[in-house]
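Here is the structure we will look at, set down as structure tokens.
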Amino acid sequence: MKQEEVKRCQIQEWYPKFKSLSIKTIIHELPESFIDYLLEDSKPFLLPTSISGDDALPQRIQKPYPDDDYEEEFGKDLDGDSQEDPEQESSSPPCFPDLESQIKDSIKALGGAIFPKLNWSSPKDAAWIATTGTLCCTSFSEIALLLRSSDSAVHDLCHAFDSCDDKTSSRPPQFFLALRKWYPSFHPEMEFRCFVRGQRLIGISQREVTGFYPVLIDKKVDLELLIRGFFEENLRLGFESEDYTFDVYVTRDGRVKLLDFNPWGAFTLPLLFTWDELEESFKEKGGETIEFRIVGSQCAVRPGLKTAVPYDYLDTSPGSGWDQFLRRADEELKRQTESSEAGA
Ligand SMILES: Nc1ncnc2c1ncn2[C@@H]1O[C@H](COP(=O)(O)OP(=O)(O)OP(=O)(O)O)[C@@H](O)[C@H]1O
């Protein structure tokens, strides 16, 4: 894969051209100080101080220590004076007044609630930390909390070009924050990922693979016609890459909305396909047919895509803690088996 292909899939690159086919979005360039803040490994975890004071998150979260209790226990010396905290200076909450004020205006212009996204990715793996459990944000600090907690954001910030065979840099020159109007009524069964190889649409997959939606069985033929028409009319010659994926949402009245572009292969999830299957199908059929895959029964649903839990839950590598836990569980099992055998 080439860097150029990955760059084309950045929202600030494609959105201006395909704006009329997509959902309402406002894009802000991010200052480097905010990128540093997202990447710094500061403890305690500090949210930016709000300039407006009308933040959706309680101010208390933004303090390094929980008020009086901490001071009572640790902060007073024997004479009763507060001790100086050597970390105090470095742990004062950051503040991005200009960015915050621009974002506040954009959230208002988008109806009061937005879905945040960096150049390529949303912080979908961090939804668990939000008070709503979703990516719906109404304030700057909610966005900051999601981005700071997300491995998908770190991927965009540090590893976006890792799969490129002509990689010259680890990051793009600028980062952007896309604020997309929040749609609470998105129907997951109406989202599809479409696979384009050699400028031919060769595959369509249900996007939400953890559910069985009987309605798709009846609608499949019509949906394929709609998506194919959308692709031929707008993307085949309009998007410059030869190989890529695009995500669409089909509204109840049959309009196709473009949600996203992703590079072919590498970090992009092939959902109900494998990349080998897609390559094979292109080789055999030369892009003449489209294969449309949906989950065909309740028994065929896929497990979650492991994108919505903290990385620590999944990491079983040495040093993660899980390795020790599993070793001890194994030892305990062996011990029990041995003692029951000895007793028999
Ligand atoms: N504006 C929106 N309002 C509500 N939900 C949304 C909105 N945009 C996207 N979503 C939901 O969030 C999901 C992820 O969105 P999106 O594809 O933009 O994120 P992503 O990080 O690029 O994901 P991927 O890496 O899989 O492409 C979508 O499948 C959709 O269900």
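For K219, the solvent-accessible surface with a 1.4 Å probe is about 80 Å², rounded to the nearest 10.
To the nearest 10, the accessible area of E224 is 40 Å² with a 1.4 Å probe. Across the protein chains, with a 1.4 Å probe defining accessible surface, the residues W120, W128 rank W128, W120 from largest area downward.
Pairs exceeding a 27 Å alpha-carbon distance, out of K7/K257; K19/K167; K19/K285: K19/K167; K19/K285.
Shown for segment 188-300: the carbon plus sulfur share of the solvent-accessible area, taken with all protein chains present and a 1.4 angstrom probe, equals 49%. Note that segment 188-300 presents 47 Å² accessible area per residue, ligands and nucleic acids not counted, probe 1.4 Å. Annotation: amide H of F292 within the under-5 Å range of I204, sequence separation 5 or more or interchain, hydrogens built in the peptide plane.
Other residues lying with their Cβ under 10 Å from the Cβ of N119 contribute a combined charge of +1, Lys and Arg counting +1, Asp and Glu -1.
The values are calculated or read from the model by the stated rules, or taken from the named source; none is laboratory data. Values in this document were obtained by computation on a predicted structure and should not be read as measured data. Virtual Cβ from ideal backbone geometry, glycine too; neighbours counted across all protein chains shown. Heavy atoms of the whole protein, side chains included, go into the accessibility calculation; ligands, DNA and RNA do not. Shrake-Rupley method; radii C 1.70, N 1.55, O 1.52, S 1.80 Å.
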